[in-house]
1. How many percent of Cα pairs in region B:109-170 exceed 13 Å?
2. Calculate I(q)/I(0) for chain A by the Debye formula, one identical point scatterer on each C-alpha and no solvent, and give its log10 at q = 0.11, 0.14, 0.15 Å⁻¹ to two decimals.
3. Where does each of A:I37, A:I162 land when they are ranked from fewest to most other beta-carbon atoms within 10 angstrom?
4. What does the charge count near B:F14 come to, summing +1 for each Lys or Arg and -1 for each Asp or Glu among other residues with Cβ under 13 Å from its Cβ?
5. What relative contact order, as a whole-number percentage, does chain B give when Cα pairs under 8 Å and 6 or more residues apart are counted?
6. Place a point 7 Å from the Cα of B:L290 along the Cα-to-Cβ direction; which residues of region B:225-248 have their backbone N under 15 Å from it?
7. Compute the Rg to Rh ratio over region B:216-281 from the alpha carbon atoms, using the Kirkwood formula for Rh, and round to two decimal places.
8. Calculate how steeply helix B:187-213 sits against the longest principal axis of the alpha-carbon atoms of chain B, using the helix alpha-carbon long axis, and give the answer as 0 to 90 degrees to the nearest 10.
Amino acid sequence: MGGATVRIEGVTKAFGGRTVVDVPELVLGAHPIEGLIGPNGAGKTTLMRLVMHSIPIDSGSITFTTPGRDSVVVSSRHPHEIPPLGMVKTNQVIQDFRSLTIWDSLLLAATAASDERPNRIFSERSVVREHEDEIHAYLDKFEFDDPYGYARSGGEKKLLDILRCLLLKPQMLLLDEPTAGLPEDVTARVMELIVERATVGTSVVLVEHDLDLVWHLSQYVHFMAEGRVQLQGPPSEVRAHATVIEKYLGGGHA
Amino acid sequence: MNGLWDFLFGSPAFLTFGLYTVVMVIGLALLLHLQMGLAGIGNFGVVGFWGLGMYGFGVLVVTYEWPYLGALLAATALAGVAGVVVGWLVADLDTDGVLGATLSFATIVLLLADGERDLTGGQVGLGTIDFPFDVGARTDVAWLGVLTAIVGAILYYVRRVHRSPYGRLLIAVGDNEALATSLGKATFRSKMLLLALTSAAMGLLGALYASMSHFLFPSHVDVRLTIAVVVALVLGGSRQPLGAVVGALLTVGLFDVVIKVYVRLPPDFAEQAYPKFQQMVYGGLLIVLLLFRPLGLLGDMRRDRLSKRGRHG
């Protein structure tokens, strides 16, 4: 094992005086696939956004470590510097570039910053040549309505969001409710890809409400409620715990 | 035939000046297309950057007696720096805030041109500024040629940008900056670089205009030029590379070439009422366009119809 990890230390975040996240100590990524579960409003999405520094933390620090490289305090880096370090996050709410086609959107994700300078107006051909195989591999696997047109349905946009992140070849992949809005058969194929990535060394954190998926895929589960991680352990343990059942699953689920 | 020739080219000075204005507005609208149409930066201070180039150049050449080329480069750089400073100041504002702030910037340039009399001469004017070369009585036509070559290069560049990774990045920034950031794109730096380059080019067009105008007055840098550029771009289509060309031909081409040169307006009307009439039409046109056809005559960007290169699997 020994993939990329994120260490969260003393991190708090409050919105308008209400503490949403209060995590004294948490390590994500010690297992290939970890689940992050909890009731609505538990602070899961906020925590993921804090990790990506798309919102600033109030206190504490978040450190990202990839094997063989120095640790980086990502909580003091600009958000755009984090994906190149090897960590990306998919979006819970559908996010899209409305003027870019599906092909464009994938190519944008794959393109290196050095090819996007204002003087590189002749680099399209070489950029396409460099990335077309990997992009076509995804386009072949998932049947978009029109890969050279715009993403039409919410499902296509959601899938596109995940594929863009995969094209960045992350070592740490945070998936914020990837199945919400995806058709069932697409979910299965996405998860296949995710597991494939995890087996070759990418650390995956899965924020999900579909608990069967979490129990099935992850080796370790963090249970969050009221801004704190209340419980951690292998799926079987977390699943059997009284707190989880009370706070989250309700009587019927046990 | 002689009659037609005389009709078309009978007032060469008016014609050259009118065409110069058209080509210049095309150039400015193309640059605004990169800022607004692609990257989503609503710059309502075009004349400010252009005017900074024009007055910067004029002051250096006339007041400080700099050599022509040196002043041209310095004025261009000055406008570019202004682009970065203004861009940095408005970075966190929403669209309305950016429009207001850039409009204010242009007003500051106007007030400086009017107020800093030691440098600019104020209402008295600043001159005379000559062409850098002399090919006889029709040097102005040659100067129009120089401008046309430069604007042609800008048009070529803009069309290439649409087919390059750089254009894709700018469009992504304009569409959803937060999403582009989450993919590791340095969106702030991209916008600053874009503003530096496009504002500098606007400044260059201003500096070149100084030679055409010979005398510079604060009225050159009032809001009318901004309006003309915005109307041209919005009419043609702010999201299409050719929108600037189509729009400028239909607006400035009609008012400053066709009507001014070929319709014999009564002199009183031409001097006093005509410019105001032109502004009224531009204003009305802008309102009608934004209400009924905000994407202009050419419509939205259609990247799904772009060339098929690289699309074979």
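Quick note: the coordinates plus some simple rules give every number you see, no bench work behind them. The shown structure was predicted, so the numbers you read here are calculated from the model rather than taken from an experiment. Glycine gets a Cβ as well: all are built from the backbone with ideal geometry, and neighbour counts include every protein chain shown.
1. Values: 1410 of 1891 pairs.
Summing the P(r) tail past 13 Å for region B:109-170 gives 75 percent.
2. One equal scatterer on each Cα of chain A leads to -0.62, -0.98, -1.12.
3. Least crowded to most crowded, the residues run A:I162, A:I37.
4. Working: positive: B:K260, B:R264; negative: B:D140, B:D256.
So the environment of B:F14 carries a net charge of 0.
5. The value is 32 percent.
6. B:226-235, B:238, by backbone N distance to the label point.
7. 1.02
8. 10 degrees
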